[in-house]
Amino acid sequence: MIFLRQVWFYVLYRVIMRWFLKVFVGVEFDRDLPSISSDEAYIVIANHNSHMDTMVILCSLPFSMQGRVYPVAAADYFAKSKIKKFLYSLFVNAVYVERSPKRNHVHEFIAIMAKKIDSGSCLLIYPEGSRGEPGVLGEFKSGAARVLLNSRHLNYVPVYLHETWKPLPKGDGLLIPYLSRVLVGPMKEIDKSKDHRDIALSMREDVLSLKPLDN
Amino acid sequence: MNKVSECTLIRNDLLILFEKFSQLGQFSVPTLFALFFAFCVVLFFTFFFWGWGLINNFKGLQQIKQRIISWWIILGLYILVLGIHPLITLFGFGLISFLAFREFLSQVKIINSEVGMRRVHFWAYIAIPIQYFLVWYGEFLLFILFIPVGLLFLLPFRAIISGLYEKSIVTFSILYWGLMLTVFSVSHIPALLFLPSIPGHEAGHQGTIFFLIFITQMNDVFQFLAGKTFGKHSLSPMISPNKTIEGCFGGLLGSLGMAYILAFLVPLTTLQCLFLGLFISVLGIFGDLTISSLKRDMKIKDMSNFIPGHGGVLDRLDSLTFASLGFFYFLYYLVYV
C-alpha cells in the first residue's frame, strides 16, 4: 500500500507535473530535496506566494521521498467539505490544521505533528501562514520550530520559491507562463537550546539567503 | 584514375542510401546530402577541438566543447522536428516560438498583477497556436496579417473590455513587439514548407529551410572563429564588445562560401544565391546585435539557461529572427511574384 502511494505520487509529480511545469509554465528546477532513510525525517520550510508552490516542491522530491512529505494545509480552506478534503489528500497528500485554534488546542496540534514526524513522515510547512504579499518574505510563525523542538528529529530544509506568484498569483485562477525558479538549500539542524522564536528567525534567514540576486 | 572511380562508388552508395532514407521521411535526396555535410562539419569540429584539448587546454575550451555538444543535440532535434511529418515541424517551431516569447516576457519583467492585464498577456500567448494554425491552413494573406494587423487591435481590445488603462502603453508595445520578434518571424520558417511546390526544384522546401538555418548558424560559427583569431576592431563597442569587424567579414565570407556550396538547395541562380548568402549574413549580424542591445538594456548576459553553453532559446534564435523574414520575402519575391 505504501509502495503504491509512492508510485502514484511519483507518476503524478515526477512524470507528469514536472514536465508540465518545466515546459509550459517555465519553472527552473534546482537539485532535488535530500533523500533520507526511513527512520529520519525533516521539515521543508518555504516561502509561500502561489498555489503552485506545493506542486513545485512535490515535483522536487526524489522517488524515495514521494508520498512521505505531507504539506500542512489550513483546515478552514482545504478541508471545507469532505470531497475537498478527500481530493486534497489524494492529489496533494495534505494533512490539515486549524489556522487559528483555541489556546489549548495549539499544543495538541503540535503534539500531533511531532508524532507524525517521529514516525518518519516529513512535513511541508509555509511558516508565513498564508500566501502573503507577492515577492515579500513575511514574518515567520514559530509553528515549524515548535514541532521540531517537540520531536526527536531536528532537521529542516529551506526552500526559496523565486517569483512563482507571477504565473499564478493570489486572487487569479488563470495560469500564465512566466519563468520562475525553485532554490533548494542544504539540510540544516536546529539549535535545541534556543527559543522557538529565535529558531523561526534563523529559519527565515536561511530561506532568504537562497534568494537570487536580482539582475 | 582508380581514385576517381572509388570516389564515384562511395558517392553512388551514399546516393542509394539517401534515396532509401528520403522514402522514409520528409527529407529529399539533396537535403540529405546537405544534412550529411552538416554532420561532417560538426564531426570535424568535435575532433578538432577535442584534439586541441589534448595538446593544449586553453581558456574557454570548456565552453566551446559544451557548445559542440549542444550542436549535436540541435542537429538531432532538427532531424526529429523536420524529418518526420509537417505537423511535427509546425508543433516544434510553435514550441520554440513559445519558449522564446516566454523568455522575452520574463526578462522584460512586465507581468502585471492586475487581473485584467494578465488577460491581455493570455491573449498574446493564445496568438501563438493561432499563428501556427494559419501556417498549416495555407491562407497566405491571413498568415501574414494576423499578428501585424490582427493583434494590433486585439490586444488593446481585451484591455478595453476590462476598462484598464494603467501600464497600457508598456504592455501593448512589449507584447506586440515580442510577438513580432519571436512568433511572426519564426513562423516564417515552417511556412516555407507550405508554399506551392516549384517545378524543377529537386531539393523541395525542405532544402530551402535547411539552406536558411544552416547558413545563419554557420555565419555565427565563422564569425566566432574569425573574431577569435583575427579580431581587433570592435564592430559595435557600445552594444556587443565581443563582436569584431574582422569576425563579421569572416562570417560574411563563410556565408558566401556556404551559399555557393549549397546553391543546389534553393531554386535560384548562383548569383542570386550568393546575394542571398550575403543578405542572410548581414541580417543575422543585425538580429544578433538587436537581441544583444535588449540584453544590454536589461543588464543581463543570457536570456535564460535553457541550452547549456548557449544561454536561452532567444540567444540562439537571435540571428534567425530577422534572417528568416528577409529570406522568406526575398525568395517569395523572386520565385512567386
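The values are calculated or read from the model by the stated rules, or taken from the named source; none is laboratory data. Just so you know, these numbers come straight off a predicted model, no measurement behind them. Please note: Cβ atoms are built from the backbone with ideal geometry, for glycine as well, and neighbour counts cover all protein chains shown.
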What residue, of A:Arg146, A:Arg131, is buried (at least 17 other Cβ atoms within 10 Å of the Cβ) and over 15 Å from the mean Cα position of the chain (by Cα)?
-> A:Arg146
Name, by its number, the condition in (1) within 14 Å of chain A (Cβ to nearest Cβ); (2) farther than 24 Å from B:Tyr329 by Cβ; (3) in contact with a Ser or Thr (Cβ under 9 Å, 6 or more places away or on another chain) that does not hold for B:Gly94.
-> (2)
Kindly establish whether B:Arg158 is among the charged types (D, E, K, R) and away from chain A (no Cβ under 14 Å).
-> no
Quick check: anything in the stretch B:212-224 touching a Lys or Arg at 6+ places or on another chain (Cβ under 7 Å), acidic (Asp, Glu) and assigned by TED's automatic domain parsing to the domain that holds B:Leu317?
-> no
Can you pull out the residues in the stretch A:184-214 that are within 14 Å of another protein chain (Cβ to nearest Cβ) and of a type in the set (Asp, Glu)?
-> A:Asp214
Selection over the stretch A:167-183 where residues are at the interface with chain B (Cβ under 7 Å from one of its Cβ atoms) and within 13 Å of A:Val27 (Cα to Cα) yields a count of 4
Consider A:Ser60 carefully, then state whether it is small (Gly, Ala, Ser) and either modelled with pLDDT of 85 or more or on the phi > 0 side of the Ramachandran plot (or both).
-> yes
Residues that are of a type in the set (D, E, K, R) and within 14 Å of chain B (Cβ to nearest Cβ), drawn from the stretch A:120-134 = A:Arg131, A:Glu133
Which residue out of B:Leu235, B:Leu253 is out of contact with any Phe, Trp or Tyr (no Cβ under 9 Å at 6 or more places or on another chain) and either outside any helix (DSSP H, G or I) or not basic (Lys, Arg) (or both)?
-> B:Leu235
Hey, can you tell me all the residues within the stretch A:22-44 that are in contact (Cβ under 8 Å) with a residue 12 or more places away in the chain, within 14 Å of chain B (Cβ to nearest Cβ) and over 17 Å from the mean Cα position of the chain (by Cα)?
-> A:Phe24, A:Val25, A:Gly26, A:Glu28
Is the stretch B:241-258 home to any residue that is of a type in the set (Ser, Thr, Tyr) and over 13 Å from B:Phe222 (Cβ atoms)?
-> no
Top-ranked residue in the stretch A:149-166 [being more than 28 Å from B:Tyr125 (Cα to Cα) and surrounded by 19 or more Cβ atoms within 10 Å (Cβ to Cβ); ranked as farthest from the other protein chains (Cβ to nearest Cβ)] | A:Ser151
Go through the stretch B:296-337 and give me each residue that's of a type in the set (S, T, N, Q) and either free of Cβ contacts under 8 Å to residues at least 40 places away in the same chain or surrounded by fewer than 17 Cβ atoms within 10 Å (Cβ to Cβ) (or both).
-> B:Asn305
Among the candidates B:Leu262, B:Leu256, which residue alone is outside the structural domain of B:Leu155 (by TED's automatic domain parsing) and in contact with a Gly (Cβ under 7 Å, 6 or more places away or on another chain)?
-> B:Leu256
Residues in the stretch A:145-161 that are closer than 19 Å to A:Leu61 by Cβ and out of contact with any helix residue (DSSP H, G or I) (no Cβ under 7 Å at 6 or more places or on another chain): how many?
-> 2
With B:Leu35, B:Leu9 as the choices, which residue is in a helix (DSSP H, G or I) and more than 25 Å from the chain's Cα centre (by Cα)?
-> B:Leu9
Tell me which residues, restricted to the stretch A:90-110, are of a type outside the set (Phe, Trp, Tyr) and either at pLDDT 85 or above or surrounded by 17 or more Cβ atoms within 10 Å (Cβ to Cβ) (or both).
-> A:Leu90, A:Val92, A:Asn93, A:Ala94, A:Val95, A:Val97, A:Ile110
The number of residues in the stretch B:286-306 that are within 19 Å of the chain's Cα centre (by Cα) and either more than 21 Å from B:Trp71 (Cα to Cα) or away from chain A (no Cβ under 13 Å) (or both) is 10
Among the residues of the stretch B:83-90, is any farther than 20 Å from A:Leu179 by Cα and outside any helix (DSSP H, G or I)?
-> yes
Is it true that B:Ser168 is outside the structural domain of B:Ser70 (by TED's automatic domain parsing) and either crowded, with 16+ Cβ neighbours inside 10 Å or within 22 Å of B:Trp71 (Cβ to Cβ) (or both)?
-> yes
Can you find a residue in the stretch B:292-306 that is modelled with pLDDT of 90 or more and either polar (S, T, N, Q) or part of a loop (DSSP other than H, G, I, E, B) (or both)?
-> yes
